[in-house]
Each structure stands twice: as C-alpha cells, then as structure tokens.
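In what follows, a structure is listed as structure tokens, so that the remarks can point back to it.
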Amino acid sequence: MKAHEIDYTIYGEEMQYVAIELDPQEVVVAEAGSFMMMDHGIQMETIFGDGSASQSNGILGKLLSAGKRVLTGESLFMTAYQNQHSEKRKVCFASPYPGKIIPIDLQQYNGKFICQKDAFLCAAKGVAVGIEFSRKLGRGLFGGEGFIMQKLEGDGMAFVHAGGTLARRDLGPGEILKVDTGCIVGFTQEVDYDIEFIGGIKNSLFGGEGLFFATLRGPGTVYIQSLPFSRLADRIIASAPKAGGSSREEGSLLGGLGNLLDGDNRF
C-alpha cells in the first residue's frame, strides 16, 4: 500500500493540536470529534471504515474495515478531508484532553504500530486502522485494554494522543519495563507485552495500584503516558457533587471553609 505523503506541525504544550498540510488532492482521515479548523478549499466527507486500500475490495472490505473499528469501541464512520484547491491547504485536529500528540511514521516501525483503543487521532489516507488480538489469556483479562488493541498499518504518517506527560523508552533485547496497565500508549510490533501479578497480600489489598501491571520486553520502542483518561475521569467523578448538589466534603469543617472561600454559603 502507498499512503498519501503529508506534512505536519504540532502546536502547543499541554493542549496540543496538529496542523496537516495537504497538497492538491491529498487526503487525511480522522476520528469524529477531533476536527478543529481548516482552510477554504478542503472538502469533508464521512466515510465507512478507515478509507484504506482494503476498502477497494468492495462492500465486503468496507464491512470488515468498519467491523474492526466497532470491536475497538470506535464509530463505524470516519471523516476524510481532501484538498480540492489548486494550492496547499491546512486542516487542524485537536487533542481531546491535556497531553501530547505523537507523530508515528509507520515506515520507521516496519509498517505496524500497536496502541490502546482510544489513542488514534488522525492519519494519512492509506493507513489501515485495525485490531490486534491478544493471544495471552492473562493479558486479555487483566491488561486494561482487554483482548483487543488497535493497530495502525501502512507506510504513511499517523498521529496518536497521550494523556499528561509523555515518556518514550527504547528497550534493548531482553530488557523489561514494568508499567501500570492504563499508562501504555503504544509500542512497536517487536515488543512482547504480558501481564504480571503484583504479589503480596499487603500490596494487593492496600497498595491502591491494582493487582497487575504490564511487562514490556524489548527490543522495541514503548510510549508511556502519565495521565490515562480513565484515571482522570475517576478523579473527576470522585470529586463531583453528589445528588442534590452536596459534595463529599459537605458537613466537614474543611468542606465548609472551602465552600465559603468559593463564594458558596451553603453548609
């Protein structure tokens, strides 16, 4: 397959966006809801599946492509942005929450990169967005991402999103990195990914870090995020007011002082 060759620039620090520069007739595909802005002359079109070369096989190829996206928890449809102007034009896509946008050149990773299900942001047309099944029971049951992860295949540029601060580790042959299961953004196909039990009754019952962590064995490249969206969402839900508008601190001295300082006189 031959993906469209696109140029890009990433802007920002905590809340980033990526600007894709398209030559005439070039196309970039993106997840619904990631669009930010675009120049005049770019045409939007909702497509069934990911728009990769596999869809040239007719309705069956389109159904298989769309079915893979459903299994990874994504929509049946994606949006394609084509430059129909005679000059270069730009289209921009924003990250969904604070973090970093990672450019992935699939040519540098032998045409394949594996990532968590909600990490994909956008890619050059021709990049296939599929599924990666886990062949290990422990990884499937306790790996945080289940039996299915997302894989990006092709020879073009793809962009994935990580929460918080990003760490990249280049593992040597046999080198092992232990990671919280939710903190994995993605890794190259050579990396061996498995799940390990933390061990110890005190660690399991009172450690607060769950019962398992991921073990990543090199060689290969691994991307780690400091703030998974699931962790951010849990903190927001835990701090949200309860039914009736009362917060979890209501009734306590600190909670009352906090409400007073915030201008809320309800105790």
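A short reminder: the numbers here are calculations on the coordinates, not readings from a lab. Note that the structure is predicted; figures quoted are calculated from it, not measured. For neighbour counting, all protein chains shown are included, and Cβ atoms are generated from backbone atoms with ideal geometry for every residue, glycine included.
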Around residue 83, under 14 Å between beta carbons, what's the net of Lys plus Arg minus Asp minus Glu among the other residues? -4
Which entries of 2/112; 2/151; 90/125; 88/117; 90/117 have Cα-Cα distances beyond 20 Å here? 88/117; 90/117
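Using a 10 Å cut-off on Cβ atoms, rank the peptides 83-92, 176-185 from the highest mean neighbour count down.
On the way: 83-92: 16.3, 176-185: 18.3.
Result, highest mean Cβ count within 10 Å first: 176-185, 83-92.
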Going by average Cβ neighbours within 10 Å, how do the peptides 19-29, 119-129 rank, with the highest at the top? 119-129, 19-29
With Cβ to Cβ distances under 15 Å as the rule, what net charge do the other residues near residue 42 carry (K, R +1; D, E -1)? -3
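Which order do peptides 169-175, 213-219 fall in by mean Cβ count within 10 Å, highest first?
Values: 169-175: 12.3, 213-219: 18.1.
Taking the mean over residues of other Cβ atoms within 10 Å, the ranking is 213-219, 169-175.
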